[in-house]
1. When you check Thr98 against the structure, is it among the hydroxyl-bearing types (Ser, Thr, Tyr) and open to solvent by 50 Å² or more (accessible area, probe 1.4 Å), yes or no?
2. Go through the stretch 68-91 residue by residue and tally those that are hydroxyl-bearing (Ser, Thr, Tyr) and either assigned to a helix (DSSP H, G or I) or within 15 Å of Phe134 (Cα to Cα) (or both).
3. Name the single residue that is most open to solvent (accessible area, probe 1.4 Å) among those in the stretch 138-158 being farther than 20 Å from Met6 by Cβ and free of Cβ contacts under 8 Å to residues at least 40 places away in the same chain.
4. As an exercise: evaluate Ala118 against (1) modelled with pLDDT of 80 or more; (2) among the small types (Gly, Ala, Ser); (3) open to solvent by 30 Å² or more (accessible area, probe 1.4 Å); (4) in a helix (DSSP H, G or I) and give the number of the one condition it does not meet.
Amino acid sequence: DAAVAMISVSALAIGYMVMSIFPSSSGNVAGDVCTTLFGSTSILTLTKTEVWLCVILSVAVVAVFCFCYNKIFCITFDEGFLKSTGTKVKIYNFILATVIATVIVLAMNLVGSRLISALVVFPALSAKRVCKNFKGVTICAAIISVFCSFMGIIASVLAGTPVGSTVVVADLI
């Protein structure tokens, strides 16, 4: 499943990037539909408020994850065990769903709804190949994610390609 998601999202990102490089053969791809699906064409289109909101919510997500790390680990691998300890599993499932939803909403303006799964899946897949335990995979995935996002944004600015698809291609590489 992960390989299928990786290939389909990568193909979509590469296709959209090529369409933006050769605009005469692709027609009008700069409309609102393409921005919603594939994200902003430039990092510079984000407002100051959106950037600050991203920073604040990113810090909140990291804090919640660090504070609830053990419970999130248990929910991810053995929810039955967590129930047997008397922990209210529904609360931690809600927290985990809220954190994931927050991350997705934060990246929607920049990357778009169609490419967002790549930002969630690719770093985790790469980290899983390098690290063998949950904590290592989590830390490595965060590092890979930040590095690929930074490289994708820089490449996007230098090459004049859409940010979202360029970040996904950086993740793919």
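The values are calculated or read from the model by the stated rules, or taken from the named source; none is laboratory data. All of these numbers come straight from a predicted model, not from anything done at the bench. Ideal geometry is used to build each Cβ from the backbone, glycine not excepted, and the neighbour counts take in all protein chains shown. These accessible areas exclude ligands, DNA and RNA; they are computed on the full protein's heavy atoms, side chains included. Shrake-Rupley method; radii C 1.70, N 1.55, O 1.52, S 1.80 Å.
1. yes
2. Of the residues in the stretch 68-91, 3 are hydroxyl-bearing (Ser, Thr, Tyr) and either assigned to a helix (DSSP H, G or I) or within 15 Å of Phe134 (Cα to Cα) (or both).
3. Leu158
4. (3)
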